[in-house]
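Working notes, beginning with the structure itself.
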Amino acid sequence: MTVYLVGAGPGDPELLTLRGAALLRGADVVIHDRLIAHELLTWAPPGAEVIDVGKTPGLPRRQHDINELLVAHGKTGRQVVRLKGGDPFVFGRGGEEALALRAAGVEYQVVPGVSAAFAAPAAAGIPVTHRGMSTSVTVVTGHTGDPSAPGGVNWDALGRAGGTLVVLMGMGERATIAAELVGSGRLGTTPVAVVYWGTTDRQRVVRTTLDSLANVDFPAPSTIVIGPVAALDV
Ligand SMILES: C[S@@+](CC[C@H](N)C(=O)[O-])C[C@H]1O[C@@H](n2cnc3c(N)ncnc32)[C@H](O)[C@@H]1O
């Protein structure tokens, strides 16, 4: 049997793909993240086993343990749906899960999802590219780390490259990110939008500038959009 790594979309349950919904309806086991629409879990058959592996702050569950859980359930021969927020391969560690399944000889398929990186701005009226304003968009993690380490974020290069920046997981480091970008030459008046729980009925949007980003105190999940398009509301 196959383990399906399914993107649950950004929050609105209707943004799950048709394929994801069909797989969920036939699931024997659902292993899900914290940031998914919990309504989706009611779509699984009544007898399905539902396991929450959400990495709740303060209750860390290691990725290694999640990989082992997937492998163990994958080997039982039941239909396993691994439901992940947004798209499984956009800052979702879905690649690691796929590699662990492959290493264990367990078949898997990836079912792409609608990523919050694009859905949250869109739901706030922000086209991440817009003719005459932005010809590129970069999706970047706000878990900045050491810029010289492998996987570290080079904010200076991103700042100089121009275009739209979409920052996921960036609220904790928002002051540093804004300072780094201004240091790289972006104007402090550059428009910024912060979208909390985009696509859901809890959605909130604040429009500000790089200079004032530090004053926006939305909790997770929030997406930061930086660049001229962030001023749009279309
Ligand atoms: C670990 S990343 C996972 C991203 C996911 N794989 C995707 O493609 O959307 C989680 C981050 O995505 C962003 N995010 C997820 N859902 C969101 C939503 N509905 N509205 C705004 N941002 C969201 C937040 O920055 C959050 O901290």
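The values are calculated or read from the model by the stated rules, or taken from the named source; none is laboratory data. Since the model is a prediction, treat every value here as computed from it, not as a measurement. FYI the Cβ positions are ideal-geometry reconstructions off the backbone, even for glycines, and counts take in every protein chain you see.
Going by the conditions given, is Val106 more than 28 Å from Val139 (Cβ to Cβ), away from the ligand (no atom under 12 Å from the Cβ) and touching a residue at least 12 places away in the same chain (Cβ under 8 Å)?
Yes: the conditions hold for Val106.
Would you say Lys84 is away from the ligand (no atom under 16 Å from the Cβ) and charged (D, E, K, R)?
So Lys84 fails the test.
What are the residues in region 175-224 that are under 19 Å from Ile36 (Cβ atoms) and aromatic (Phe, Trp, Tyr), if any?
Tyr196, Trp197
Consider Gly92 against the criteria (1) modelled with pLDDT of 95 or more; (2) within 12 Å of the ligand (Cβ to nearest atom): it satisfies all of them except one. Which criterion is unmet?
(1)
Looking for something within 11 Å of the ligand (Cβ to nearest atom), outside the structural domain of Ile31 (by TED's automatic domain parsing), outside any strand (DSSP E or B) and without any contact (Cβ under 8 Å) to a residue 60 or more places away in the chain - is there at least one such residue anywhere in region 128-146?
The answer is yes; a qualifying residue exists.
Would you mind stating whether Gly113 is of a type outside the set (A, V, I, L, M), in a loop (DSSP other than H, G, I, E, B) and surrounded by 20 or more Cβ atoms within 10 Å (Cβ to Cβ)?
Here the answer is yes, as Gly113 does meet what is asked.
Going residue by residue through region 55-70, is there one that turns out to be in contact (Cβ under 8 Å) with a residue 60 or more places away in the chain and over 27 Å from Ala120 (Cα atoms)?
Within region 55-70, one or more residues are in contact (Cβ under 8 Å) with a residue 60 or more places away in the chain and over 27 Å from Ala120 (Cα atoms).
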